[in-house]
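The values are calculated or read from the model by the stated rules, or taken from the named source; none is laboratory data. On a predicted model such as this, the values are computed, not experimentally measured, just so you know. No Cβ is skipped: glycine too gets one built from the backbone with ideal geometry, and neighbour counts run over all protein chains shown.
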Ligand SMILES: [Ca+2]
Ligand SMILES: [Ca+2]
């Protein structure tokens with residue numbers, strides 16, 4: 001199944017979120033930097049630092065297979081992800097991997113361990129990626145806090161992320177989740 005322009009836009013935006021050096025490609029060094037930034041942000045929680053050091057290198061392992069000369073370009077990334085959508089088995093593997101990764105990310109973001117993400121916890125996580133745009137973060141928080149009770153449940157977090165990466169329906173919203181430069185979309 002071909003990606004529509006909505007899918008391409010979302011994957012471009014997520015690629016840009018990960019490309020913390022703004023190089024237009026992702027390498028092992030990019031993930032090392034992401035890990036370092038996150039470990040700094042969560043340095044007060046030794047168990048989060050341990051989890052990050054165990055998990056973030058695994059994110060690179062998934063990218064590594066896509067790399068050409070150690071680099072993954074945006075186009076290469078989109079092409080390979082799109083190819084995962086052609087077969088139900090590869091799509092399922094990819095979707096399971098993403099769900100696992102986002103489950104772990106939820107646990108990292110949830111600093112106080114109450115199984116909810118507060119706006120303060122969300123801000124902390126995004127700051128590791130260089131985002132401190134409060135207006136944008138408020139919008140992201142509202143998109144994730146589906147029942148508007150001021151907290152993001154794990155279920156809602158996982159649902160919205162799944163829609164982001166797997167829904168071709170442009171009415172599903174949330175296309176701005178990782179892109180504060182286009183937060184007006
Ligand atoms: Ca929490
Ligand atoms: Ca909620």
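The single condition from (1) away from ligand 2 (no atom under 15 Å from the Cβ); (2) modelled with pLDDT of 95 or more; (3) surrounded by 14 or more Cβ atoms within 10 Å (Cβ to Cβ) that residue 156 fails is (1).
Checking each residue in the range 159-177 for being in a helix (DSSP H, G or I) and either under 19 Å from residue 16 (Cα atoms) or within 13 Å of ligand 2 (Cβ to nearest atom) (or both) picks out 159, 160, 161, 162, 163, 164, 165, 166. For the residues 162, 185, the requirement of being under 22 Å from residue 12 (Cβ atoms) and modelled with pLDDT under 95 singles out 185. Scan the range 96-123 for residues that are in contact with a helix residue (DSSP H, G or I) (Cβ under 6 Å, 6 or more places away or on another chain) and more than 16 Å from ligand 2 (Cβ to nearest atom) and jot them down. Answer for the range 96-123, where residues must be in contact with a helix residue (DSSP H, G or I) (Cβ under 6 Å, 6 or more places away or on another chain) and more than 16 Å from ligand 2 (Cβ to nearest atom): 98, 102, 104, 108, 111, 123. The set of residues in the range 140-153 being within 9 Å of ligand 2 (Cβ to nearest atom) and part of a helix (DSSP H, G or I) consists of 144 alone. Screening residue 160 against (1) within 16 Å of ligand 1 (Cβ to nearest atom); (2) under 13 Å from the mean Cα position of the chain (by Cα) leaves a single unmet condition, (1). Within the range 95-110, residues that are free of Cβ contacts under 8 Å to residues at least 40 places away in the same chain and under 20 Å from residue 61 (Cα atoms) reach partners that are within 13 Å of ligand 1 (Cβ to nearest atom) and assigned to a helix (DSSP H, G or I) with beta carbons closer than 8 Å, at six or more positions or on different chains, in the pairs 105/125.
Taken together, the residues in the range 120-137 that are surrounded by 14 or more Cβ atoms within 10 Å (Cβ to Cβ), assigned to a helix (DSSP H, G or I) and more than 13 Å from ligand 1 (Cβ to nearest atom) amount to 4. If you go through the range 165-174 one residue at a time, do you hit one that is surrounded by 15 or more Cβ atoms within 10 Å (Cβ to Cβ) and within 16 Å of ligand 1 (Cβ to nearest atom)? No, the range 165-174 has no match at all. The set of residues in the range 81-90 being free of Cβ contacts under 8 Å to residues at least 60 places away in the same chain and touching a helix residue (DSSP H, G or I) at 6+ places or on another chain (Cβ under 9 Å) consists of 83, 84, 90.
Sub-8 Å Cβ pairs linking a first residue in the range 144-157 that is on the phi > 0 side of the Ramachandran plot to a second residue that is more than 13 Å from ligand 1 (Cβ to nearest atom), at least 6 apart or interchain, are 148/142, ordered by first then second residue.
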